[in-house]
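Written below as structure tokens is the structure these notes are about.
The values are calculated or read from the model by the stated rules, or taken from the named source; none is laboratory data. Since this is a predicted model, take the numbers as computed values, not measurements. All Cβ positions, even for glycine, are placed from backbone atoms using ideal geometry, and neighbour counts span all protein chains on display. Remember, those area values only see protein heavy atoms, side chains included, never the ligands or the DNA or RNA. Shrake-Rupley method; radii C 1.70, N 1.55, O 1.52, S 1.80 Å.
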Amino acid sequence: MKRVFSGVQPSGMIHLGNYSAMQNFVKLQEDSNNDCFYCIVDLHSVTVPQDPKVLYENSLELAALYIAIGLDPKKVTLFLQSQVPAHTELAWLLQCNSYMGELNRMTQFKDKSQKMTSVTTGLYTYPILMAADILAYDTNYVPVGDDQKQHLELTRDIALRFNNKFGNTFTVPEGIYPKVGARIMSLDDPTTKMSKSNPNEFSKIGLLETDAKIKKSIMRATTDSDSEIRLDWENKPGVSNLLTLYSVFGNISIKELEEKYKGQGYGNLKKDLVQVIINYIKPIKERYNELRGSDELKEILKEGAMRANEISSDVVKRVKDKMGFVQF
Ligand code: AMP
Ligand code: TRP
């Protein structure tokens, strides 16, 4: 069996960029050789201020969305990070086996912290908690978007270093990235990634968005002055982003799209893309609405946490043994 682990933060509505990475979550569950763990990483969310009521609602919203996009709780383990103590315990042990120099190099921390007036120590050590999430399950594969590459490299470095120092302890994980759509860009500024934290509501499209909002966001998306439709991230990032979205959600290659829209302006491309996205997310929204208020959801999370606890507490025991802690 191969172990698969990934996590998404419950800090706002899942957008098309997240979803692009999450399509791989669903693909990986279909291989019966994979044992998949998908986590709602609520402890990562509180590295920046959260309204408690909103965090609570967002956590359940994300759980329902995990299932609505096609994850089957009978095949995969779905759970809340804060329900499984191994994550924070291992994070501490790893903090004492990693270096400030390593964290200082993390570009996500630099980007986020630059925009803030006060920065929590949790935001700084966030990548170590992520490493603990992954290493606590002897994970082989981590499906994520491109933006997490650096965090995953750090996780591998920490695992290898620990293994060298204390003897073989951790499985060294590998990232799995989407072939197309590993980085979906903002609709208003296609040189920055689509992000939950962007305050411009037209910069992103959430999975539960209304049809009218989807239309408005795509129609006003930034393009460029010439009207040629081709993939060229350097000179035409806006159009390249729209083509990528179309390819991911319309299940059609970018080459085919370039052929299809040859000689046409951006208007047609945008109009069709609106329809492609609306059609794609319609069944997801319907399934979400059935699940959101149900008791079933909390049951699934409870069972998921129990299974996650079993696996990860064994790994933490192993780590503590290696480091010389007395255990009974
Ligand atoms: P987060 O919302 O930061 O918890 O991210 C959840 C997942 O979505 C991770 O695998 C990220 O790598 C992925 N992701 C976030 N933003 C984007 C984006 N703009 N394009 C592609 N993947 C993304
Ligand atoms: N840091 C990831 C993000 O912002 C979320 C995350 C936390 C994660 N722990 C993880 C992803 C473990 C994969 C594996 O997207």
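Could you please let me know if Lys262 is at pLDDT below 95 and open to solvent by 60 Å² or more (accessible area, probe 1.4 Å)?
yes
Looking at region 270-328 only, could you name the residues that are more than 30 Å from Asn163 (Cα to Cα), out of contact with any helix residue (DSSP H, G or I) (no Cβ under 7 Å at 6 or more places or on another chain) and open to solvent by less than 70 Å² (accessible area, probe 1.4 Å)?
Across region 270-328, the qualifying residues are Asp272, Ile281, Lys285, Ser294, Ile300.
Which count do you get for residues in region 4-39 that are at pLDDT 95 or above, in a loop (DSSP other than H, G, I, E, B) and open to solvent by 10 Å² or more (accessible area, probe 1.4 Å)?
5
Within the group Ile158, Ile205, Ile176, which residue is more than 18 Å from Ala21 (Cβ to Cβ), of a type in the set (A, V, I, L, M) and either touching a strand residue (DSSP E or B) at 6+ places or on another chain (Cβ under 8 Å) or in contact (Cβ under 8 Å) with a residue 40 or more places away in the chain (or both)?
The conditions single out Ile158.
Output the residues belonging to region 154-168 that are assigned to a loop (DSSP other than H, G, I, E, B) and open to solvent by 50 Å² or more (accessible area, probe 1.4 Å).
Asn168
Given the criteria surrounded by fewer than 23 Cβ atoms within 10 Å (Cβ to Cβ), more than 16 Å from ligand 2 (Cβ to nearest atom) and of a type in the set (Asp, Glu), does Glu89 qualify?
no
In this structure, is Lys196 away from ligand 2 (no atom under 16 Å from the Cβ) and either assigned by TED's automatic domain parsing to the domain that holds Ile277 or open to solvent by less than 70 Å² (accessible area, probe 1.4 Å) (or both)?
Taking the combined requirement at face value, the residue does not satisfy it.
Just to be sure I understand, how many residues within region 179-194 are assigned to a loop (DSSP other than H, G, I, E, B) and within 7 Å of ligand 1 (Cβ to nearest atom)?
Within region 179-194, residues that are assigned to a loop (DSSP other than H, G, I, E, B) and within 7 Å of ligand 1 (Cβ to nearest atom) number 5.
Quick check: is even one residue across region 191-202 touching a strand residue (DSSP E or B) at 6+ places or on another chain (Cβ under 9 Å), among the aliphatic types (A, V, I, L, M), touching a residue at least 40 places away in the same chain (Cβ under 8 Å) and closer than 15 Å to Ile14 by Cα?
Yes, there is a match, as at least one residue in region 191-202 is touching a strand residue (DSSP E or B) at 6+ places or on another chain (Cβ under 9 Å), among the aliphatic types (A, V, I, L, M), touching a residue at least 40 places away in the same chain (Cβ under 8 Å) and closer than 15 Å to Ile14 by Cα.
Restricting attention to region 35-60, which residues are within 16 Å of ligand 2 (Cβ to nearest atom) and under 24 Å from Pro283 (Cβ atoms)?
Once the filter is applied, which keeps residues that are within 16 Å of ligand 2 (Cβ to nearest atom) and under 24 Å from Pro283 (Cβ atoms), region 35-60 yields Cys36, Tyr38, Ile40, Asn58, Ser59.
Can you tell me how many residues in region 127-145 are within 14 Å of ligand 1 (Cβ to nearest atom) and open to solvent by 20 Å² or more (accessible area, probe 1.4 Å)?
Adding up the residues that qualify gives 3.
Condition first: hydrophobic (A, V, I, L, M, F, W, C) and away from ligand 1 (no atom under 14 Å from the Cβ). Now tell me which residues in region 146-178 satisfy that.
Leu154, Ile158, Ala159, Leu160, Phe162, Phe166, Phe170, Val172
In region 195-215, how many are among the charged types (D, E, K, R), more than 26 Å from Ser6 (Cα to Cα) and part of a loop (DSSP other than H, G, I, E, B)?
Final tally of qualifying residues: 0.
Can you tell which of Thr171, Thr210, Thr244 is open to solvent by 10 Å² or more (accessible area, probe 1.4 Å), modelled with pLDDT of 95 or more and over 30 Å from Ala132 (Cα atoms)?
Answer to the selection: Thr210.
Looking at Ser247, Ser227 in this structure, which one is over 12 Å from Leu187 (Cβ atoms), in contact (Cβ under 8 Å) with a residue 60 or more places away in the chain and touching a Gly at 6+ places or on another chain (Cβ under 9 Å)?
Ser247
Looking at (1) within 17 Å of the chain's Cα centre (by Cα); (2) outside the structural domain of Asn18 (by TED's automatic domain parsing), which is the only condition Asp189 fails?
(1)
Any chance you could count how many residues in region 216-253 are on the phi < 0 side of the Ramachandran plot and not in a helix (DSSP H, G or I)?
Residues that pass the stated criteria total 19.
Might you check whether a residue that is in contact (Cβ under 8 Å) with a residue 60 or more places away in the chain and either in contact with a His (Cβ under 8 Å, 6 or more places away or on another chain) or within 28 Å of Leu160 (Cα to Cα) (or both) occurs anywhere in region 58-78?
Within region 58-78, one or more residues are in contact (Cβ under 8 Å) with a residue 60 or more places away in the chain and either in contact with a His (Cβ under 8 Å, 6 or more places away or on another chain) or within 28 Å of Leu160 (Cα to Cα) (or both).
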